[in-house]
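Below is one structure, written out as structure tokens, with a few remarks after it.
The values are calculated or read from the model by the stated rules, or taken from the named source; none is laboratory data. Not measured: the values here are computed from a predicted model. Every residue, glycine among them, receives a Cβ derived from its backbone with ideal geometry; neighbour counts consider all protein chains shown.
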Amino acid sequence: MIGASLVRAAGFAYPFLSYRLSELALSTSSISTILAAFGVGWLVGQIVLGRLADIVGRRAALVGSMLLAAVTLPLLGGLSHPAAIALAAVVVGAVYDAPRPVITAVVADTVSDDAARASINGWRHFGINVGAATTGAAGGLLSDSTGLTALYWINAVACATFALTALACMPQDRPAHRGAAAAGGRDTYRTAVTDARLWLLWLVSLGALIPVAGLFSILPLLMDDAGLPASAYGWTQVASACTVLVLSVPLNRWLARRASRGASMVPLLAVSSLVLGAGLGSAGLADSTPQYVIAACIGIPGEIVVFVAATALLDQITPPQARGLYAGIWGSTLAAAVICAPALAGWSLTQGGPQLVAVTTTLCGLIGTAACLPLAVLMHYPRTHQALPVK
């Protein structure tokens, strides 16, 4: 988890991609296409890497993806032709968040206690947020002195270092269900595709995470529309990161206690989705830096809870032989949110201004909350997971 947090801290590729493309004087449509290509790669990569973690093992999937990132990141930072950049963006996007499904599967493999898993997942989110805050601050400072291309080399070195560390420190895993997963791949996919609980959890998570992605896409659009400088947006990120740091410890302890009692996480997931939608939605009604800061911070408790609650539910519904695949499918919700959030915000801002952005962002949270109702029902009727036979 420490390695994943460090890679996230050096994860300049996506946050600074639009600035890198602007330096090349590309058209708005070309920039939008390349950003979308990155998002598509991210989404597909989560599912593919999750599946590979089941077939070839956790260590092999993690090391391979990080080495691929180390090779392709400098290309993304150095190419100038739009088509070549788009292709590099797809590949980098596919491995940008590779540690997420692999580590999720590793935690499910090795930690059987519900409270311990909830605590670990809470601290994982804490580390990711610290990394995200570091990314913005360090990237902003370094880009002025070293240039944007250097950020991609730093990102590549971090990925290569993580790959070598994982190769040295992680055991050569041969999951008990690895042979079954490889031989019964079609059955494994069928299990996932027909699991209504998984797809309801996916929908809930998407509705909740679109506002989370909005911290990096919807919020700057609104603040730019209000005529505020980039430094004002920087203050919202500092404030939200500080809020995460302050709230993570008490919320993680509370969530761990709740998990130890076997309490359902579905109600918490529903409330967190609503809090996120309303919190970021309120940014559509703001018109000053302090108001945008408040809007960014309102949703933070929901953001902390949603990752822990959703991961706990994912662990409950996942068959042992498909932990990587299920983690990858669920992990793709963040990529989908990254694609949907700017598109939805851009359309809303054009069609109805900030007020429509407020409505549509809040609606996303409401959709997530509503999808928790059938999810809660289905969680009372668990499937019987059986290991797939080795052929």
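The table for this structure:
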read-out: Long-range neighbours under 9 Å by Cβ, at least six apart or interchain, first residue in contact (Cβ under 8 Å) with a residue 24 or more places away in the chain and under 28 Å from LEU76 (Cα atoms) within the stretch 95-121, second in a helix (DSSP H, G or I) and acidic (Asp, Glu); value: THR104/ASP315
read-out: Inter-residue pairs, beta-carbon under 7 Å, first assigned to a helix (DSSP H, G or I) and in the stretch 352-369, second among the β-branched types (Val, Ile, Thr) and buried (at least 24 other Cβ atoms within 10 Å of the Cβ), 6+ apart; value: VAL357/ILE218; THR361/ILE218; CYS364/ILE210; GLY368/VAL204
read-out: Residue in the stretch 3-17 that is in a helix (DSSP H, G or I), surrounded by 23 or more Cβ atoms within 10 Å (Cβ to Cβ) and not hydrophobic (A, V, I, L, M, F, W, C) present; value: no
read-out: Candidates VAL377, VAL293, filtered to the one that is of a type in the set (Val, Ile, Thr), surrounded by fewer than 24 Cβ atoms within 10 Å (Cβ to Cβ) and out of contact with any helix residue (DSSP H, G or I) (no Cβ under 7 Å at 6 or more places or on another chain); value: VAL377
read-out: Complete set of residues in the stretch 165-215 that are buried (at least 16 other Cβ atoms within 10 Å of the Cβ), basic (Lys, Arg) and modelled with pLDDT under 80; value: ARG178
read-out: Of all residues making up the stretch 66-86, the number that are out of contact with any helix residue (DSSP H, G or I) (no Cβ under 7 Å at 6 or more places or on another chain), touching a residue at least 12 places away in the same chain (Cβ under 8 Å) and either hydrophobic (A, V, I, L, M, F, W, C) or on the phi > 0 side of the Ramachandran plot (or both); value: 1
read-out: LEU17 under 25 Å from ALA138 (Cα atoms) and free of Cβ contacts under 8 Å to residues at least 40 places away in the same chain; value: no
